[in-house]
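Working notes for the structure below.
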Amino acid sequence: MSTLLNTNMYDYMKVLDKAADAAWIRNDCIQNNLANVNTPGYKREDVDFTAQLKQAMSQFHYMTTDEKVANLTSRDLAPKSYIDYGGYSYRKDENNVDIDVENVYLAENQIYYNGLVMAITTDFNDLRTVTK
């Protein structure tokens, strides 16, 4: 049991947990975008946790991946949404939501979230097996 506590398993579980939180928030953003597809001037909202994680890990230049993950703080991993002002709008009302694109993002995000949940479940099952 003591060797399990000295591994980085808990650090990776923390990252998986925050990634699942970000996917949940992104799902809400996409749903909100779809609800506002006909709102004049509305700008789509999104969450890019992958870019945020890469940026947070880049501050630790000379560390292994395990060390980088271990040094991430809750602040580094807090999912943040942003307004997509750069998304081009071809509509006269300046709304930049494309319903077809949003539906693709929604499907992609749901697959991503389900994969994260499976990874977290597998990690907990492994932990349960080791502690028996």
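The values are calculated or read from the model by the stated rules, or taken from the named source; none is laboratory data. Here the structure is a predicted model, which means the values were calculated and not measured. Quick reminder, even Gly has a Cβ in these numbers, built from the backbone with ideal geometry, and neighbours come from all protein chains shown. Ligands, DNA and RNA are stripped out before the accessible areas are found, and what is left, the full protein with its side chains, is counted by its heavy atoms. Shrake-Rupley method; radii C 1.70, N 1.55, O 1.52, S 1.80 Å.
Listed by first and then second residue, the pairs linking a residue in region 68-80 that is farther than 24 Å from Asp46 by Cβ to a residue that is aromatic (Phe, Trp, Tyr) and part of a helix (DSSP H, G or I), with Cβ atoms under 9 Å apart and 6 or more places separating them unless they lie on different chains, are Val69/Tyr12. Among the residues examined, Asp93 qualifies as without any contact (Cβ under 8 Å) to a residue 60 or more places away in the chain, assigned to a loop (DSSP other than H, G, I, E, B) and surrounded by fewer than 12 Cβ atoms within 10 Å (Cβ to Cβ). Comparison of Val47, Val69 shows that the only residue that is within 20 Å of Met13 (Cβ to Cβ) and buried (at least 17 other Cβ atoms within 10 Å of the Cβ) is Val69. Restricting region 14-44 to residues that are out of contact with any Phe, Trp or Tyr (no Cβ under 8 Å at 6 or more places or on another chain) and of a type in the set (A, V, I, L, M), the residue that is most open to solvent (accessible area, probe 1.4 Å) is Ala35. Restricting the first member to region 106-132 and to residues that are under 19 Å from Asp11 (Cα atoms), and the second to residues that are of a type in the set (Ser, Thr, Tyr), no beta-carbon pair is closer than 6 Å while six or more apart or on different chains. Taken across region 96-105, residues that are out of contact with any strand residue (DSSP E or B) (no Cβ under 6 Å at 6 or more places or on another chain), within 30 Å of Asp126 (Cβ to Cβ) and either open to solvent by less than 40 Å² (accessible area, probe 1.4 Å) or touching a residue at least 40 places away in the same chain (Cβ under 8 Å) (or both) do not occur at all.
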